[in-house]
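Comments concern the structure below.
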Amino acid sequence: MKTPPEDHDLLRWLDGEMSAAERERFDARLAADPALKAEADMMQRLSADLRTHLPAEMPVPYGDFFNSQIQRRLAQEEDQAPVRVPASAGWLSWLRLQWLAPVGLAAVLIAAGLTTLKQGGIGIPEGGSDTYVHSIYVPNTAVHASTYHSTDAKATVLMLDGLEEMPADRKIVGFNITRGEVDQDVAATTLFDAEDNAVAVISKDARSQPVLLTSSPAR
Amino acid sequence: MPASTAPEPGEVPDIDLVKRCQAGDTRAFDVLVSRYKGRIYAMTYHMIQNETEAWDLSQEAFIKAWRALPSFKMDSAFYTWLYRITHNVVYDWLRKKKIQGDGEFDDSRTEHRIAAGAEAVPHGDQAPDTAMKNAELGKRIQQAIAKLSPEHQQIILLREVEGLAYEEIAAAIPCSLGTVMSRLFYARKKLQELLKDCYENAA
């Protein structure tokens, strides 16, 4: 009766997991042991037959329907799911959440408004990078928006009242969005901060829902 | 066929598609589905040998993968990770059906039953031609695979069908290298026993 290491030797020989030296030694054993040789031959034939009769890849019946069904189910789940945020995504990923869609829109409008203000020279202190928000449009009437500007801090804070509770573990840091650029070719909007760094790139998915493609790491 | 293969020229690498999926891009996931559905379906079909169930379970595996993608750390090849999910889906299905364990072959599990005439041929008779003989052997192999426990099915499919190396199998299951070799040895012995007459007649 073979010992376990001998079983493993036969296995490793069969599966090509032996070094050249090990294989040479095992071949010598096979030549000297007809019973072991017969078992090795049978296992080799079995392996060859398994590979022949069990294909690694098979055509999926109704392959196109297979894909479309998965997409349909993903869309259904997305509609029903409360929140699903990738752990590795940046803080701006909450712009994807449905309950923050109005806020996302507001942010874009503010960014666009600021661009207009900057271009028109209204409300921007000379030589400074401070920004003012003169008007805000929030489509969701349940949400009340207001701003607070501090010249000393060179910061404008946007406050939104009426949103659903923010998850306690969500790390939020501030960004001062000063302008946005729309790339029509790829249907994406890039938001820039005061130092002209790209903060986030936002696009739309197949169902016209906002999708955060990338964001700068939290600072 | 290794678990991780270099992408074809012009083909988006799995890792890039996974990142896009993690950002919510369902179109990127559709590319991954197209890329791996044939392998996932084949693996599922070999385990349960029912086209309809294999189709549904393959769907389930991809849906579960989508749900789990946010937590996928990319510390293994995407296919290895997807394979693990698929195996768990099939294993759970088999457990619910309670068709593993007693070693008895359930004839209702296969849609491709052996023709009555073929089954009636006494062992040792020559098959009419090589093609028919091969077809018969293929069916016997499928039946034998279906009789194995899920663990033995898994190890045989990973090694013989997927062509994974021991280390890749250990990562996919996951388990130790010793367990891989031990399971593989006993799974092959069991198959030898189940197919003994095929090889004795052919000898």
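Nothing in this text is a laboratory measurement; each read-out follows from the coordinates by a stated rule. Only a predicted model underlies this, so the values are computations on that prediction, with no experimental measurement involved. Using ideal geometry, Cβ is built from the backbone for each residue, glycine included, and neighbour counts are taken over all protein chains shown.
Close amide H contacts of A:Ala155 (hydrogens built in the peptide plane, cut-off under 5 Å, sequence separation of 5 or more or a different chain): A:Ser150. Once you reduce the range A:20-76 and the range B:24-77 to the center of their Cα atoms, the two points are 20 Å from each other.
Using the Karplus relation 6.51 cos²θ - 1.76 cosθ + 1.60 with θ = phi - 60°, the per-residue 3J(HN,Hα) values for the range A:25-33 come to 5, 5, 4, 5, 5, 4, 5, 8, 10 Hz, with x marking Gly and Pro. Summing charges over all other residues whose Cβ lies under 14 Å from the Cβ of B:Leu184, with Lys and Arg as +1 and Asp and Glu as -1, gives -3. Take the Cβ atoms of A:Ala75 and A:Ala153, set R0 to 51 Å, and the FRET efficiency comes out at 0.70. Rounded to the nearest whole Hz, the Karplus-based 3J(HN,Hα) values (6.51 cos²θ - 1.76 cosθ + 1.60, θ = phi - 60°) of the range A:65-74 follow the sequence 5, 4, 5, 5, 5, 5, 4, 5, 5, 5, with x at glycine and proline.
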